[in-house]
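Working notes, structure below.
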Amino acid sequence: FGRNLTVLAKTDSTQTEAETLARAGAPEGTLVVAEEQTSGRGRQGRAWHSPPGRGVWMSTVLRPEGPLTAVPQLTLLAAVAVCRAIRAASGVEAGIKWPNDLLAGGRKLCGILLEAVVEDGGIRHCIMGIGIDANLEESDYPEELRDRVTSLRRESGTEVDRSALIAAVMNEFETLYALYAESGFEPIRLLWESLSVTLGREIVVRDVRGERRGRAEGLGAQGELLMRAEDGSLAAVYSGDVELYPG
Ligand code: BTN
């Protein structure tokens, strides 16, 4: 992973660049990194703010063997890999908010976007996009984001070596991806639970069905979030956005 590498000064989105390479037959592990993105993409059609020079904006080509149901599990795997890499490379005690946001001190410092291209009911390839606010400063953010986001630099007080961080992400991912191929999702599920800042918390889930409240209790075998509703019933949440209540 990461040995077949393209580094760009500026692009619209590394997702689009990696997708083009994947369609042209690029091997698994092909990595695209950009200093700046002009239309970075986030989950659920949102934009991803990607100013020049201080972030890590990267996309990797994946060619997983498994069925389509592997995609949500791969997003959780990616979160575990990036969380471990961040802790090792910066010392910042990042935690995972379901499904795959990384937070420090309750603020978001990394987002992950897994886009799968489907063919005949199976996965043709996936593009794993990772955005880490490595060395971003307060002034890099638009006003409306400032109180919801943070960076590794802000949390640790020192500049993080972005190349070392990217290498750590690729190494962690490669190790866990091999573990997943060999042993399935269970060991990943346990690692995810141990790094989670969601479990045990009161949450609101927003998805196509609207809004639901409850307490996050665990991660299911497929990667779904298990939530205890106010009436005592247990709900499985397969997609959507989670908001954590303070405290
Ligand atoms: C999210 O939290 O909504 C996911 C954000 C993913 C951002 C990364 S930055 C590199 C890659 N290129 C993109 O356009 N998006 C992803």
Margin query: I'd like the residue in the range 60-76 that is among the polar types (S, T, N, Q) and touching a Phe, Trp or Tyr at 6+ places or on another chain (Cβ under 9 Å) and, out of all such residues, is farthest from the ligand (Cβ to nearest atom).
Written below: Q73
Next item on the list: Select from the range 183-200 the residues that are over 16 Å from the mean Cα position of the chain (by Cα) and not in a helix (DSSP H, G or I) and write down the one among them that is surrounded by the fewest Cβ atoms within 10 Å (Cβ to Cβ).
Entry: G200
Check: Which one is farthest from E36 (Cα to Cα) among residues in the range 119-135 that are assigned to a strand (DSSP E or B) and within 15 Å of the ligand (Cβ to nearest atom)?
Finding: C126
Next item on the list: Might you let me know whether the range 12-35 holds any residue that is free of Cβ contacts under 8 Å to residues at least 60 places away in the same chain and within 20 Å of E138 (Cα to Cα)?
Entry: yes
Checklist line | Only one of R46, R41 that is among the charged types (D, E, K, R) and free of Cβ contacts under 8 Å to residues at least 12 places away in the same chain | finding: R46
Next item on the list: Write out, first by first residue and then by second, each pair whose Cβ atoms fall under 9 Å of each other, whose residues are 6+ apart or on separate chains, and whose first residue, in the range 91-106, is in the same structural domain as A79 (by TED's automatic domain parsing) and within 16 Å of G218 (Cα to Cα) while the second is away from the ligand (no atom under 12 Å from the Cβ) and aromatic (F, W, Y).
Entry: I96/W192; W98/W192
Notebook entry, point to check: Can you tell me which residues in the range 14-35 are among the charged types (D, E, K, R) and within 11 Å of the ligand (Cβ to nearest atom)?
Noted result: E17, E19
Margin query: As an exercise: evaluate T6 against (1) more than 13 Å from G129 (Cβ to Cβ); (2) in contact (Cβ under 8 Å) with a residue 60 or more places away in the chain; (3) touching a strand residue (DSSP E or B) at 6+ places or on another chain (Cβ under 9 Å); (4) among the polar types (S, T, N, Q) and give the number of the one condition it does not meet.
Written below: (2)
Next item on the list: Could you name every one of the strands (runs of 3 or more DSSP E) located completely within the range 1-118 that has at least 3 residues being under 18 Å from the mean Cα position of the chain (by Cα)?
Entry: 31-34, 56-62, 95-97, 101-104
Note to self: Within the range 77-95, does at least one residue satisfy the condition of being of a type in the set (S, T, N, Q) and either on the phi > 0 side of the Ramachandran plot or within 14 Å of the ligand (Cβ to nearest atom) (or both)?
What the structure shows: no
Check: Can you name the number of the only condition in (1) within 19 Å of L102 (Cβ to Cβ); (2) surrounded by 16 or more Cβ atoms within 10 Å (Cβ to Cβ) that P246 fails?
Finding: (2)
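The values are calculated or read from the model by the stated rules, or taken from the named source; none is laboratory data. This is a predicted model, so every value here is computed, not measured. In this analysis, Cβ positions are derived from the backbone assuming ideal geometry, glycine residues included, and neighbour counts consider all displayed protein chains.
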